[in-house]
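Visitor: The structure is given below, and queries will be raised subsequently.
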Amino acid sequence: MLKIKKITIENFRGLRLPVSVDFVKGSKATSVLIYGRNGTGKSSIVDAWEWLLNFKIENLRREGVSAADFPHKASGGNNSYISVDFQHASINNATTTFNPKKITTPTIAGEYNEFKALSKYPNYLRYTDLNEFICNKQKAERYEYIVKYFGLEKFSLLQDTMQAAINKQTNNLQNLQSAFDASSNTINAITGLTAVDEATVVKFINTIAAKHKIAAITTFKEAETVKTALQKIVQKNPVTKELTEWKAFQVRQNSFYPITTAKANCIALEKLFTDLKQNEESIKHLILSSLYELSIKIIPKLEDKSKCPVCDETFEGDLLKHITAKHTSLSALTKKKTEFEANKSLLEKQFDGISRKIAAIEAESSSVVLAAFQTFFDDLTAINSTLPTLIATLKKQLNDLTTLSISNDIAIGKIDTTISNEAASKKFVADKIAALSKDETTKTLAQDYTNISNIIDNFKSHSINKEKVAYLKNITDNLQIFFNNLTTYIQTEIQNTFTTISADVVDYFNVLENSNPDIKNPALKLLTGKDKAVELEIEFVTEKITPAFKFLSESQVNSFGLAVFLASVKHFNKDFKFFILDDVVNSFDSFKRPRVAKLIASKFSDFQVLMITHDQIFFDTVQRNFPEWQRYKFIAWDYATGPKCKSSKNYLEEIQSYIDDDNPITAGQTLGKYLEWIFGILCENMETPIPYRVENVYTLSDYYNPLAKRFRDKLKLPNSQHKLFGLLDEFETGTIFRNYCVHWKNEANQFTTEEIDTIFKKWIEIEQIIFCTCKSFVHYEKISNIEYVRCDCGTTNLKEQSLYCASP
């Protein structure tokens, strides 16, 4: 089994100096708990781990952060790495080092490939991942979450790539089909027949050849001989030659027009640009928009709604109103920037279209036409002289543009001039053709030559596009078949995978949601007829509900997502039992957070866990439940060194150390806080009636006396003495504890080290009776008129006969 000994990270993201996370305690591999406020560098550890596994960090990529930004800025890209030491027979180390020469491909060292073979599936979960699972109501986005943690991400990426290829080829096929249809329609118009094939075209060409005493042809390949012979006849007649040239130009002219004015669009774009550039600083912080949006969702769920969920600092005033105003201002700016980019793209396409039209009409070679339209072609040349520069300007990103002044460019004015001359230009050409067509023989010869030229060009296009359409349709059809098979495979794998882990998902969900017995049996439901859509199903009482959002709160859906992740890790990385949870409890209600610790204790005792949190209460809970774990506190961060961290003690360890140091005041204060916390939990567990205080301030005696009485009431048996009663009697002996209950917060009333030590040791004895290895204190419950006082797993049962002895 692969076990982690130590993770070392240096010069990566917010970690400057080497940060070592030790997973060995007392020569035994264990788990690690890290606490720190937001902004102290904790998440850089998770980023480094994802980079170690995938050579990329997906959530940073979505925010526009590239691989070049992974090394700490002060390192210059040098000595930026994550190194993991292992306990294993053949795998000692795996290291990934940033490669400045090829930033997307890090340098690997040690037994990296062997490590990767045992770590196939994602074993890290961030709060943002769970939040997306909750908040993204789009079925396709939840599908991506499921695919990732079922280890099918590479197939999903292939699916996306294939879908893009199918879309591209379908678009190409439509364009080719349109060109094919256009050539067919032109041939139909020339021949007056509906059939478009070689025999029909050859027959039509021979009709014209016979009219002008040109030798007939037998195949389309010979069509150019008829055209050449007819061209010689045309050239002998200057009027016919000029008429032919004007007719050819008329075709180009009709393709060139219409074109639309660009000036109004340019002016509108420049106005948006000016508005945006007036808010240059806001543009740099547009990325904050999504963060504000997330905060707006989170703040109403916080117990302290004045504490910022990002920096953990207290805000003087209405934090939600402040964040909402920030988001609103950025939302308006984001909307304007989106409008700017859309208009810029449309204008760029308009210029591209005009450029293509100019290129086509400038192919005109008739000296007669060129002379008559010299001003027109001079204007086109002027437009073309600056149009490429305008297009290049429009391709630039907003941040790269310092000025934007295109509405007064010479090209824009010439485009409008060309548009205004459309009617006169078309009339001039039409009049020329009409004047030259007065002689019927000349008109017929010109028309025959035009028809021969057009039918040859269009039948060539028709024949080529027919083959292309058939070829591309075959490719597109095969891609679609492969895509459908891949989609079916992924959906089958998702269903099979969920079937494999469903028992664990249900089990873990029930642990997290044990206070909601009517909600059970979470399941995934793939939507038929859709490529990438998945719904959540839940059983409410006895009815299956889809989608589960009809009854589940966001916190309950979060339990679903965490259960899927943990079940996947357990099943798929069997030879590397390790996972990271980064602030995932943020999305849980406070009463549910201890259940996460219980779930890990009861279901993942053979796993190594890296738990990261900025919640002090949860940190204290996990420290108390897992004293064998390594514990670190990230207490601060600065640019030059990175996080400042130190080893952490849990309450019991801290109290003992203060006692050992003969520091009774601090030991007593710490013990008082601890006992208030534990007494509160026990009073709730035992459903203990306590005196109500309107100011909501309680002394230890307010908690303890009713709690002790509750235990005695619920555990008493005739002629029997419970072991706990004796311990409670010893705990209460004399006046030490009772004085302490009243005076522990009063520094003026000092207790000796021996007095605090006595109270502390007596309580530890009691705690060993009422706290179970499943990480839960005993609780009172009544089922079918039978009363129980037991832990969550039932192993610690205070009503066991072995805990009683005969009364003296």
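The values are calculated or read from the model by the stated rules, or taken from the named source; none is laboratory data. Just so you know, these numbers come straight off a predicted model, no measurement behind them. All Cβ positions, even for glycine, are placed from backbone atoms using ideal geometry, and neighbour counts span all protein chains on display. Each accessible area value is taken on the protein alone, full model and side chains, heavy atoms only, with ligands, DNA and RNA left out. Shrake-Rupley method; radii C 1.70, N 1.55, O 1.52, S 1.80 Å.
Visitor: Looking at ASN421, ASN408, ASN454, which one is under 24 Å from LEU276 (Cβ atoms) and out of contact with any strand residue (DSSP E or B) (no Cβ under 9 Å at 6 or more places or on another chain)?
Guide: ASN408
Visitor: If you don't mind, another one. List the pairs whose first member sits in region 593-605 and is over 13 Å from GLN623 (Cβ atoms), whose second member is open to solvent by 30 Å² or more (accessible area, probe 1.4 Å) and part of a helix (DSSP H, G or I), and whose Cβ atoms are under 7 Å apart, counting only residues at least 6 apart or on separate chains?
Guide: That search, which allows pairs on different chains as well, returns ARG595/VAL511; LYS598/VAL511; LEU599/VAL511.
Visitor: Can you tell me which residue within region 28-63, out of those that are among the charged types (D, E, K, R) and in contact with a strand residue (DSSP E or B) (Cβ under 7 Å, 6 or more places away or on another chain), is nearest to THR641 (Cα to Cα)?
Guide: LYS42
Visitor: Follow-up question, since we're still on this one. Which residue pairs have Cβ atoms closer than 7 Å, lie 6 or more positions apart in sequence or on different chains, and pair a first residue in region 106-121 that is more than 14 Å from PHE55 (Cα to Cα) with a second residue that is of a type in the set (Val, Ile, Thr) and assigned to a loop (DSSP other than H, G, I, E, B)?
Guide: Every condition considered, the pairs that remain are GLU111/ILE91; GLU114/ILE91; PHE115/ILE91.
Visitor: Another one. Based on this model, can you work out whether PRO664 counts as buried (at least 17 other Cβ atoms within 10 Å of the Cβ) and in the same structural domain as GLY39 (by TED's automatic domain parsing)?
Guide: So PRO664 fails the test.
Visitor: In region 432-474, how many residues are over 21 Å from ASP197 (Cα atoms), over 59 Å from the mean Cα position of the chain (by Cα) and either modelled with pLDDT of 95 or more or not acidic (Asp, Glu) (or both)?
Guide: Residues flagged as over 21 Å from ASP197 (Cα atoms), over 59 Å from the mean Cα position of the chain (by Cα) and either modelled with pLDDT of 95 or more or not acidic (Asp, Glu) (or both) within region 432-474 amount to 14.
Visitor: While we're looking at this one, here's another question. Could you tell me how many of the residues in region 399-437 are in contact with a Lys or Arg (Cβ under 7 Å, 6 or more places away or on another chain), open to solvent by less than 40 Å² (accessible area, probe 1.4 Å) and part of a helix (DSSP H, G or I)?
Guide: So the count comes out to 2.
Visitor: Within region 526-619, which strands (runs of 3 or more DSSP E) (wholly inside it) include 1 or more residues that are of a type outside the set (Val, Ile, Thr) and in contact with an Asp or Glu (Cβ under 7 Å, 6 or more places away or on another chain)?
Guide: 534-540, 543-545
Visitor: Taking region 760-808, which residues are of a type in the set (D, E, K, R) and at pLDDT 90 or above?
Guide: Once the filter is applied, which keeps residues that are of a type in the set (D, E, K, R) and at pLDDT 90 or above, region 760-808 yields LYS761, LYS762, GLU765, GLU767, GLU781, LYS782, GLU787, ARG790, LYS799, GLU800.
Visitor: So SER20 ticks every box in (1) polar (S, T, N, Q); (2) free of Cβ contacts under 8 Å to residues at least 40 places away in the same chain; (3) closer than 20 Å to PRO627 by Cβ but one. Which box is left unticked?
Guide: For SER20, the failing item is (3).
Visitor: Suppose we keep only residues that are of a type in the set (Phe, Trp, Tyr) and modelled with pLDDT of 85 or more within region 488-527. Which one would you say is most open to solvent (accessible area, probe 1.4 Å)?
Guide: Looking at residues that are of a type in the set (Phe, Trp, Tyr) and modelled with pLDDT of 85 or more, I get TYR489.
Visitor: Right, something else. Of everything in region 116-169 that's among the basic types (Lys, Arg) and modelled with pLDDT of 85 or more, which residue is least open to solvent (accessible area, probe 1.4 Å)?
Guide: Only one residue fits best here, namely ARG126.
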